[in-house]
Amino acid sequence: MISLPSKKRLAHIVYESDDRASKAFDLVLLVMILLSVVIVILDSVQQIHENFGPLLYWLEWFFTLIFSVEYILRIWLSNNKSGYVFSFYGIVDLLAILPTYLSLFLLQTQYLTVIRALRFLRILRILKLPEYLKEASRLTDALKHSKAKIQIFVGSVLTIVLVMGSVMYIIEGPESGFTSIPRSMYWAIVTLTTVGYGDIAPATDFGQFMASLIMLIGYAIIAVPTGIVTSELVSARNADEIKNFPDLKTCNACNLKNHSLDAIFCRRCGTRLSPKTK
C-alpha cells in the first residue's frame, strides 16, 4: 500500500527546491506552464484555431484545472495563507487561472492566460542561480534609489507635454486634427517619444517648427532614465565590491579609495594593490 506524504513533506515539495522530489515538481510545473502558453499562442492563429480549436480548448482547460488545484494546494500548505495569496507569486498564480474562467462570460479573455509566463521567474529559485538573484536584487535597489529622480523626470515630461499640447492646440486648431487639448497632448506624447504615428500632423509653418523642437527634445531626454538607473547600478556595484573586498578599497601608497574589484594597480600612483596588505 502506497502511503501519502505528510502535509509537512508536501509543503516542502511545493515550496522548496533542494531535493529530487521538489525539483521534479517545479520542473514539471515549468514544462506545463510552457506548454499552456504555447497552446494559447497557437490558438490565436486563425488557421490553427479552425483546424484544432476544440483540441486546444480542452487542453487549455486541462492545464487551467491543474494550475487551479496547485493554487488551492499552495494555499492549504502555506503557514501564512494571506501572505501567499497577496504576495507577488500568489497574485500571479491567481491571474494565471482567472482568464480561462472569465472566458465563460467574456469572449477572448482566455488569451490573457499568457500572463502565466511570469511564473517562469520561479526558475531563478529552482536552478539556484545566486548571481542572477543578486543582479535582480541590485536592479530593484537601483530602481528604488532612483525613484525620486525618475518622479522628477516624469513630472518634467508631463509638463512639457501639457505646455506643447496646449500651444499646438492654439496654433493648429481643429482644422489640422488638434480638436482639443487632450488630443493635442496625445500628439505631443507620440512626437516626444519619437514614435510618430502620423494620424495628426501640423499644417502651419510655425506648427511644424514647434513639432521639430519637440522631436529634438525627445531625442535629448530619451536617455535620461537610462542614465539615472545606470548611475545607481554602478554605485550599488561599487558599494558591494568595497563591502565584500575591504582590503582592496584603499591604496597603501597614496590612500586612494574605492578601487574596482578587478583592479591590480592603483589608478593614481600605479602601486600594486594587494588584499593582504593593510
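The values are calculated or read from the model by the stated rules, or taken from the named source; none is laboratory data. Bear in mind that the values here come from a model prediction, so they are computed numbers and not experimental data. When we count neighbours, we look across all protein chains shown, and the Cβ atoms used for this are built from the backbone with ideal geometry, even at glycine. For accessibility, only protein heavy atoms count, side chains too; no ligands or nucleic acids. Shrake-Rupley method; radii C 1.70, N 1.55, O 1.52, S 1.80 Å.
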Expected output for segment 5-29 (first residue closer than 21 Å to ASN80 by Cα, partner assigned to a loop (DSSP other than H, G, I, E, B), Cβ below 6 Å, 6+ apart or cross-chain) is SER22/GLU16; ASP26/SER17
Examine segment 54-73 for a residue that is open to solvent by 80 Å² or more (accessible area, probe 1.4 Å) and under 22 Å from the mean Cα position of the chain (by Cα), and state whether such a residue exists. no
Going by what's in this entry, would GLU50 be described as part of a helix (DSSP H, G or I), among the acidic types (Asp, Glu) and open to solvent by 20 Å² or more (accessible area, probe 1.4 Å)? yes
Among GLN208, GLN151, the single one that is open to solvent by 20 Å² or more (accessible area, probe 1.4 Å) and touching a Pro at 6+ places or on another chain (Cβ under 7 Å) is GLN208
I'd like to verify a number: residues in segment 84-108 that are open to solvent by less than 30 Å² (accessible area, probe 1.4 Å) and farther than 19 Å from VAL37 by Cβ, how many? 2
Out of all the residues in segment 168-185, which are open to solvent by less than 80 Å² (accessible area, probe 1.4 Å) and in contact (Cβ under 8 Å) with a residue 12 or more places away in the chain? MET168, ILE171, GLU172, SER176, GLY177, PHE178, ILE181, SER184, MET185
